[in-house]
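*Asks:* Quick one: the structure is below, and I'll ask about it shortly.
The values are calculated or read from the model by the stated rules, or taken from the named source; none is laboratory data. In this text, all values refer to a predicted model and were calculated from it rather than measured experimentally. Here the Cβ positions follow ideal geometry from the backbone for every residue, glycine too, while neighbour counts run over all protein chains shown.
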Ligand SMILES: *Cc1c(COP(=O)(O)O)cnc(C)c1O
């Protein structure tokens, strides 16, 4: 028999889609995900087995069906892993963009559930009439930033686009060359701002821009001065840029708007946590910015959202602008943001907001948890688990150069590579995202909830040769 014939013969033992779906796994799957989608997966499983047939293979129909069934279950498992799943963030990166940025506070999670049904999103319970959408959130933002008014959109990129569109379309916005930055995830400030129909007038150099550079660029078509906080990189050394006060005075002298995009959205002074360089919306407003924007899911610790605060006349124009309808967030976002802001209003943010609590955790506290965790592991001669000092990063476009001292759990195995252990953790249920350094797997408990420590113990215990 030729090779071709042998392969054809083996291929004839492949089940049909219907046959595969009549298997025990097939029947269960149809119940779970429906006939049409199960058939799609069954077809993919059979195709995969067809290409896996090797020369001279003799295989019974039953054996082939069993293999296809196993493949079908694999495909379903892979598919489930692609859905949004809870993961344990053992990377030590507090604001991790790939892992959903800020984890929400307990109150925020409850608010999310409450808002999931009918809710008083745009309804005034006192009058029984239509109310201002998210009105109490705007009121809290006014209180927290000291601005005259505030409004919320879907994210900070939308906020910047909105502000430029409303106030600078058809004209120029003056910006320092040092601030034409890419903020990760392909978000380039100049690209987004150009979509607004305004022209960015770049001034100064990458490391130094003087007030006179801005002044020289102001002309007939200038509508605003714009400052973007370079949140995910720092130019260090020989740098200079005018202060917020100088820029706002200059803007106002020429009847222009001064807009500051502060990005990472620290609401309170975090210098005691090592974040000395984070601009606060409050300061920006008090130093004369007409309008500011920042993200809700970075240092603020809430949902993805973009917050705009500033002069009443400007924010009112945004509220009435047709684009607002396209950029406004949904009830779930507003409910979560509201609950998050309430922690700030009652001055309990550092205790209640996970991002801040995690940044605040000291190496001693994390080290004590790590040591306790290690005592719960089953001892195995081939597996070495110890703690070492290391660093956690804030991440996510917030405070790029800020590192916090931490204690790491280091895992190494006599025969297994770090990559294979890291992968095993990633495939664990729930998945545990660790990092690798110098051929060792590192686990940082900074962003791991106490309740999730047991999963880490189980995952480490499951590492075998
Ligand atoms: C992160 C960031 C943005 C983008 O914010 P999103 O909420 O992710 O859209 C815009 N500007 C600055 C300065 C930022 O740091």
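*Asks:* Please note which helices (runs of 4 or more DSSP H) are completely contained in region 3-50 and include at least 3 residues that are modelled with pLDDT of 95 or more and closer than 16 Å to residue 79 by Cβ. Walk me through how you get there before you give the answer.
*Replies:* Numbers: elements: 3-12, 17-21, 24-33.
Because the criterion is at least 3 residues that are modelled with pLDDT of 95 or more and closer than 16 Å to residue 79 by Cβ, the helices (runs of 4 or more DSSP H) in region 3-50 that meet it are 24-33.
*Asks:* Another one. Looking for something in contact with a helix residue (DSSP H, G or I) (Cβ under 7 Å, 6 or more places away or on another chain) and part of a strand (DSSP E or B) - is there at least one such residue anywhere in region 370-379?
*Replies:* The initial filter retains those residues of region 370-379 that are in contact with a helix residue (DSSP H, G or I) (Cβ under 7 Å, 6 or more places away or on another chain), namely 370, 373, 376-378.
Pick out the ones that are also part of a strand (DSSP E or B) and you get none.
Within region 370-379 (the criterion being in contact with a helix residue (DSSP H, G or I) (Cβ under 7 Å, 6 or more places away or on another chain) and part of a strand (DSSP E or B)), the answer is no, since none of the residues qualifies.
*Asks:* Now a separate question. Given the conditions (1) closer than 27 Å to residue 427 by Cβ; (2) touching a helix residue (DSSP H, G or I) at 6+ places or on another chain (Cβ under 7 Å), report the number of the one that residue 17 does not fulfil.
*Replies:* For residue 17, the exception is condition (1).
*Asks:* Of everything in region 199-221, what is within 19 Å of residue 161 (Cβ to Cβ) and modelled with pLDDT of 95 or more? Give them in sequence order.
*Replies:* none
*Asks:* Let me ask something additional. Considering (1) touching a helix residue (DSSP H, G or I) at 6+ places or on another chain (Cβ under 8 Å); (2) away from the ligand (no atom under 15 Å from the Cβ); (3) outside any loop (DSSP other than H, G, I, E, B), say which one residue 252 fails and leave the rest.
*Replies:* It fails just one condition, (1).
*Asks:* Right, next: Does region 263-274 contain any residue that is within 14 Å of the ligand (Cβ to nearest atom), touching a helix residue (DSSP H, G or I) at 6+ places or on another chain (Cβ under 7 Å) and either touching a residue at least 60 places away in the same chain (Cβ under 8 Å) or within 21 Å of residue 192 (Cα to Cα) (or both)?
*Replies:* The answer is yes, given that some residue of region 263-274 is within 14 Å of the ligand (Cβ to nearest atom), touching a helix residue (DSSP H, G or I) at 6+ places or on another chain (Cβ under 7 Å) and either touching a residue at least 60 places away in the same chain (Cβ under 8 Å) or within 21 Å of residue 192 (Cα to Cα) (or both).
*Asks:* Right, next: Could you list all residues from region 410-424 that are part of a strand (DSSP E or B) and in contact (Cβ under 8 Å) with a residue 40 or more places away in the chain?
*Replies:* 411, 413
*Asks:* Inside region 104-191, counting only helices (runs of 4 or more DSSP H) that do not spill past its ends, which hold 1 or more residues that are surrounded by fewer than 16 Cβ atoms within 10 Å (Cβ to Cβ) and either at pLDDT 95 or above or within 16 Å of the ligand (Cβ to nearest atom) (or both)?
*Replies:* 106-116, 135-145
*Asks:* If you don't mind, another one. Considering only region 275-294, state which residues are farther than 20 Å from residue 173 by Cβ and either near the ligand (Cβ under 10 Å from one of its atoms) or part of a helix (DSSP H, G or I) (or both).
*Replies:* Selection gives 282, 283, 286.
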